[in-house]
Amino acid sequence: MNSTIHVVPGPREHGVVLHALQLLDQPALASASVRRRIPDPGQFTGPLHLHVTDHLWGPTPGTAADRITALAAGTSIGVTLHDIPDPTDPRTTGGTGERDRVAAYRRIADAAQVVVVASEFEAELLRRAGTRGPITVIGLPRAEPRPAPRDPGDRLPQVAMLGFLHPGKGMETVLEALGRLRLDLAVVNLGPIARGHEEYGRRLHELAAAQGTTLQISGWLSDADLLQAARAVAVPVLAHRHMSASGSVGSWWQAGRRPIAVPNPYLSELEESFPQTLELTDDLAGAIAAAWQDPARTWLPAGTKVGAGPAEVAEQLARTLQEAWS
């Protein structure tokens, strides 16, 4: 609904911000008002739609929840929630345990009239956290996959992960798998170290050396460069066991790749909806070795469907907000 003000705080290169601005550039939402800063409570009386991952809204999950519930006290709000916390995830975020994030997301969801998430698994995580109201699932937008090259064997000798690198994403698992294989393959992350995790990056380089391999971290890549790099590497991998939804999957698919993936509920959900688009395995080392020997298995077949594009996803969001405020 175009009378809704969409609030999208945070740096433009952040994945949540990129997602929000991509949708707001589509015909269904292109005329909507957008605010790139967190408004003061009472600044707007019309409905607000907020794109939320907790650290973009405050230094702690509790602060983020305080700010959002303060806005909700003065007007109707809808929220699209990202990075839904998993109570079984051993990570900590900024020194704050996942338990605090669970409580914060529950408060945010309970304050909103519309709650949107990107997967059924995310909806289930919110329900486990005690969220009482209805939850709408609108999947992440997916670009049509590029076709596989004529010679899939023409590739860089690299095992690659994609996106911002941070604790919990599974890079240690990849390095340890390469250490067991002793193949002449490097490991690369197509993307930068997440802000504040530079020391973690140094520890990963030490682990790579101990495993007898090398780790390269590309830093920030433009969309075109990321697409080119994702098509050039030998073995694409997803090793994050606790993802609730992920743009990295769509980036691999857009490049035409069929990544090897460590199983988790979200990826199982995707594989059920879009069969043969992932290679789910508990034997990461064995799957990497097989992919190195048979490169064709890392490419999507021609004509593979991977979900709705940005224009359709924007239409779904606009319709959801329209129905809520009418």
- prompt: residue 43 to residue 99: extension gain in nm, 0.36 nm per residue of separation minus the Cα-Cα distance?
  reply: 17.0 nm
query: Residue-wise, which Karplus ³J(HN,Hα) couplings in Hz belong to the range 81-87, taking 6.51 cos²θ - 1.76 cosθ + 1.60, θ = phi - 60°, and x for glycine or proline?
result: 9, 10, 6, 4, x, 10, x
statement: Taking Cα pairs closer than 8 Å and at least 6 residues apart, the relative contact order of the chain in percent is 18 percent
message: Relative contact order for the range 1-88: what percent, with Cα pairs under 8 Å and sequence separation of 6 or more?
response: 32 percent
- prompt: Using the Karplus equation 6.51 cos²θ - 1.76 cosθ + 1.60 (θ = phi - 60°), what ³J(HN,Hα) coupling, rounded to whole Hz, does each residue of the range 4-13 give in order, writing x for Gly and Pro?
  reply: 6, 8, 9, 10, 10, x, x, x, 4, 7
query: What's the extension gain from residue 12 to residue 31 if we count 0.36 nm per residue and subtract their Cα-Cα distance?
result: 4.9 nm
query: If only Cα atoms are counted, what is the Rg of the chain, and what is its Dmax, in Å?
result: 20.1, 61
statement: Mean 1/r over distinct Cα pairs of the range 1-89, inverted to a Kirkwood Rh in Å, yields 13.5 Å
field: For the range 119-199, fraction of C-alpha pairs farther apart than 14 Å, in %
entry: 77 percent
task: Give the carbon-plus-sulfur fraction of the accessible surface of the range 245-321 in %, rounded to a whole number; probe 1.4 Å, heavy atoms of protein chains only.
output: 48 percent
- prompt: Does anything in the range 131-173 have its amide N under 11 Å from the 7 Å Cα→Cβ label point of residue 308, and if so which residues?
  reply: 137-142
- request: Grab the Cα-Cα distance for residue 290 and residue 200, subtract it from 0.36 nm times how many residues apart they are, and report the gain in nm with one decimal.
  value: 29.4 nm
query: Residues of the chain: accessible area per residue at 1.4 Å, in Å²?
result: 44 Å²
message: Give the average over all directions of the projected area of the C-alpha convex hull of the range 225-270, one decimal, in nm².
response: 3.0 nm²
- prompt: Taking the Cα centre of the range 148-304 as origin and charging only Cβ (+1 Lys, Arg; -1 Asp, Glu), how large is the dipole, in debye to the nearest 20?
  reply: 180 debye
statement: The answer for the net charge of residues other than residue 318 whose Cβ lies under 15 angstrom from its Cβ, with Lys and Arg +1 and Asp and Glu -1, is -3
field: Inter-probe distance in nm under a simple model that places probes 7 Å from Cα toward Cβ, at residue 70 and residue 127
entry: 3.4 nm
statement: For the range 183-288, the convex hull over Cα atoms projects on average to an area in nm² of 7.2 nm²
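The values are calculated or read from the model by the stated rules, or taken from the named source; none is laboratory data. These figures come from a predicted structure and were not determined experimentally. Glycine gets a Cβ as well: all are built from the backbone with ideal geometry, and neighbour counts include every protein chain shown. Heavy atoms of the whole protein, side chains included, go into the accessibility calculation; ligands, DNA and RNA do not. Shrake-Rupley method; radii C 1.70, N 1.55, O 1.52, S 1.80 Å.
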